[in-house]
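Asks: This structure is in structure tokens; I'll ask about it shortly.
The values are calculated or read from the model by the stated rules, or taken from the named source; none is laboratory data. Computed from a predicted model, the values in this text were never measured in an experiment. Note that each Cβ is placed from the backbone with ideal geometry, even for glycine, and that neighbours are counted across all protein chains shown.
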Amino acid sequence: MSTKPFVVLENVGKQWNGQLGVEGISLEIEEGSFVALLGPSGCGKSTSLRLLAGLEIPDQGKIFIDGADVTTSAASDRNLSMVFQSYALFPHLSVAENVIFGLKVRRVPKAERQEKMERALKITGLEGLEKRKPGELSGGQRQRVALARAIVAGQRLCLMDEPLSNLDAKLRSSVRKDIKKLQRDLGITVVYVTHDQTEAMSMADKVVLMKDGHIQQIGSPNDLYNHPQNTFVAEFIGAPAMALIDSNIINGIENGNRIGLRAENITIVPLGEGRLSCRVSEAEFLGSETLIGLEHEGTTGLNVLQPGLSMLPSGQKIDITFDDQDLHIFNSAGESITGQ
């Protein structure tokens, strides 16, 4: 099996009227992998996807798909399929007609179209809905039609731009599992844009976290959660986010640094026995555990998780402790120096 990456972006950049879209985007994607482009609105993730799709042409850098330089190639020449947030279904066509529309345009023989459509409908759980129009379907069913259309295209690379953002939370969870199973079963390569870290962390083999047109970190979900390269990654990844603590309030830590600490690594201890005294700001019961927000000058996002129901009153003073091995240390520029 070839070890060469299937998709490569080399130092790709794009501006509009002097305004930065993305800059210095370099990324390698292995065939059969699921890669999530993650970040807040305006970070450049959708721009990166559009550049890869051929819907935009980069000002600098190169893009390769399966070894071919496609930097300036039209979208139709890149051998990929796309699934968008809007579904982009034809309202006057049935489910079956929407699914095979692209095959008809490409003059694929009728028998082959029928075979591919039946397989795609079975995979996406749409059997029996062939004659319905999009207006007669739920949001989840419409998104499955868009997925079926991508499946019949038979391309090895599928690009998805926020495909679940129009669905409610419960349906998002269900369709998320459908997409991941489809990707595994079909062995296709998926590049998936989302601002939802739960989607990225639960679905992707590799997460590309972006901010202000630049990549902040590339790695597995575990890498980004447990080994953030800077304070932006630390605060963006995780629910709750990693707390940041000024080093001067913790003994034994070099001044000038900031400390990162996850809620699950903090323990409440009797008053007078902890490393830090805090006040409770809020408590949120989550079912299996309670998230307790804490306040202390020089900290942001400080929380502790307690099992079961543990509703401490706001304003209560508590002591917390933690192990040095669980601390993440960042320099004054916000870059990780843990383990250096």
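Asks: Of 179, 215, which residue is among the β-branched types (Val, Ile, Thr) and either in a strand (DSSP E or B) or more than 23 Å from the chain's Cα centre (by Cα) (or both)?
Replies: 215
Asks: Tally the residues that are charged (D, E, K, R) and either assigned to a loop (DSSP other than H, G, I, E, B) or touching a Cys at 6+ places or on another chain (Cβ under 7 Å) (or both), restricting the search to the stretch 289-325.
Replies: 3
Asks: Further, regarding this structure: Out of the stretch 224-255, which residues are buried (at least 16 other Cβ atoms within 10 Å of the Cβ) and over 24 Å from residue 291 (Cβ atoms)?
Replies: 229, 230, 247, 253
Asks: Which members of the stretch 154-192 meet the condition of being closer than 21 Å to residue 96 by Cα and either β-branched (Val, Ile, Thr) or surrounded by fewer than 19 Cβ atoms within 10 Å (Cβ to Cβ) (or both)?
Replies: Matches in the stretch 154-192: 154, 155, 175, 178, 179, 186.
Asks: In addition: Which members of the stretch 2-24 meet the condition of being under 14 Å from residue 69 (Cα atoms) and among the aromatic types (Phe, Trp, Tyr)?
Replies: 6
Asks: Here are some conditions: (1) part of a helix (DSSP H, G or I); (2) more than 26 Å from residue 31 (Cβ to Cβ). Residue 127 meets all but one. Which one does it not meet?
Replies: (1)
Asks: Okay, next question. Looking at the structure I just gave you, is residue 190 assigned to a helix (DSSP H, G or I), touching a helix residue (DSSP H, G or I) at 6+ places or on another chain (Cβ under 6 Å) and among the aliphatic types (A, V, I, L, M)?
Replies: no
Asks: In the stretch 218-245, which residues are part of a loop (DSSP other than H, G, I, E, B) and among the hydrophobic types (A, V, I, L, M, F, W, C)?
Replies: Scanning the stretch 218-245 gives 237, 239, 241, 242.
Asks: Looking at 252, 260, which is the one that is in contact with a His (Cβ under 8 Å, 6 or more places away or on another chain), small (Gly, Ala, Ser) and either over 30 Å from residue 276 (Cβ atoms) or not assigned by TED's automatic domain parsing to the domain that holds residue 49 (or both)?
Replies: Exactly one residue qualifies, and that residue is 260.
Asks: Right, something else. Are any residues in the stretch 171-187 in contact with a Phe, Trp or Tyr (Cβ under 9 Å, 6 or more places away or on another chain) and touching a residue at least 60 places away in the same chain (Cβ under 8 Å), and if so, which ones?
Replies: 180, 183
Asks: Hey, among the residues in the stretch 142-170 that are closer than 30 Å to residue 107 by Cβ and either in a loop (DSSP other than H, G, I, E, B) or without any contact (Cβ under 8 Å) to a residue 24 or more places away in the chain (or both), which one's farthest from the chain's Cα centre (by Cα)?
Replies: 154
Asks: For residues that are touching a Ser or Thr at 6+ places or on another chain (Cβ under 6 Å) and free of Cβ contacts under 8 Å to residues at least 40 places away in the same chain, tally how many sit in the stretch 240-272.
Replies: Here the count works out to 1.
Asks: Which of the residues belonging to the stretch 3-44 are more than 19 Å from residue 199 (Cβ to Cβ), in contact with a helix residue (DSSP H, G or I) (Cβ under 8 Å, 6 or more places away or on another chain) and at pLDDT 95 or above?
Replies: Result: 7, 9, 12, 14, 22, 25.
Asks: Considering 198, 194, which residue is among the polar types (S, T, N, Q) and within 18 Å of residue 42 (Cβ to Cβ)?
Replies: Of the residues listed, the single one that is among the polar types (S, T, N, Q) and within 18 Å of residue 42 (Cβ to Cβ) is 194.
Asks: Oh, and also: Please tell me if residue 248 is part of a helix (DSSP H, G or I) and closer than 25 Å to residue 40 by Cα.
Replies: No.
Asks: Hey, could you check the stretch 256-269 for residues that are modelled with pLDDT of 95 or more and part of a loop (DSSP other than H, G, I, E, B) and say which is surrounded by the fewest Cβ atoms within 10 Å (Cβ to Cβ)?
Replies: Among them, the one singled out is 262.
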